[in-house]
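Read through the structure below, which is laid out as structure tokens, and then see the notes.
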Amino acid sequence: MKAANDISAGEVAQAAGPCLTCVAVSLLVMAAVAASFVYLAIDFGALASSESLRTMGKFIAEFYPPDVSAGFLSKTVWAALQTLAVSALGTLLAVGAGAVLALPAAGRFGTAPRQAARFMLNFLRSVPELVWAALMVLAAGLGPFAGTLALALHTTGVLGRLFAETLENVPPEPELAIRHAGGSAVAAFAYGTLPLVLPQSVAYALYRWEMNIRMAAVLGFVGAGGLGQMLYYHLSIFQQAQAATVLLAMFVLVFAVDAFSSSFRRGLAPAYA
């Protein structure tokens, strides 16, 4: 009898035809995409014209061969280390600040602190890194310190929100069991909740570090030092060979950090399995 009811329900749904809401949403999305192309007036014909292709080919050819002289390679390695230090320190500061703000943001100190902490986290991550960098350059001057502060501020908002959501989703039973057995609130959190949230939190922090490596290179365009500042300088004076070397250094740095982060996360997972 139940099977017959299920079949009849399926037949009724099939007879009703496609979901009208789904069709309406799909049409609205397609109309929005079409309107965007019309509004932006993108001329794909000019982009694919022979003159444009010839100009792009000439520009790309100017990047070869890269400048591999000893003096310039030494400057590039130093800038790469500066970019790595900016991203690592900015991420480390954000991990500490985000963890502190995550506790009230997860509702562990009441409703008012929760709303205040979430407002702060939303504000910090709503401002892009480039805007923070421009403000920090004005406040702290040109150099890697401004880039470090910019990354730390934005990443605090991102990691704080992720840490708070991780705390909210963790099962409360282990912490409650320790409290009922006579343990303090700190001990219950340290032994009941922290081991459950630590692997995910470390994965979030490493992932943000990977992203901050790329962003630290970009922040140099507003004077925050590192590879980005070198790239901006050499492109502005049309030294494409030197710019190609900087681009290759960016690729090597990002690839190395991504490989290290992925390997570390894979090694961390069995320890908490």
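The values are calculated or read from the model by the stated rules, or taken from the named source; none is laboratory data. All values derive from a computational prediction rather than experimental measurement. Glycine gets a Cβ as well: all are built from the backbone with ideal geometry, and neighbour counts include every protein chain shown.
Some notes on this structure:
- Any chance residue 37 is within 20 Å of the chain's Cα centre (by Cα), free of Cβ contacts under 8 Å to residues at least 12 places away in the same chain and either exposed (fewer than 13 other Cβ atoms within 10 Å of the Cβ) or outside the structural domain of residue 211 (by TED's automatic domain parsing) (or both): no
- When residues of segment 96-121 are limited to those that are part of a loop (DSSP other than H, G, I, E, B) and farther than 15 Å from residue 197 by Cβ, the one modelled with the highest pLDDT: 109
- Inter-residue pairs, beta-carbon under 7 Å, first outside the structural domain of residue 102 (by TED's automatic domain parsing) and of a type in the set (Gly, Ala, Ser) and in segment 175-194, second buried (at least 18 other Cβ atoms within 10 Å of the Cβ) and not in a loop (DSSP other than H, G, I, E, B), 6+ apart: none
- Residues of segment 122-158 that are assigned to a loop (DSSP other than H, G, I, E, B) and of a type in the set (A, V, I, L, M): 127, 142.
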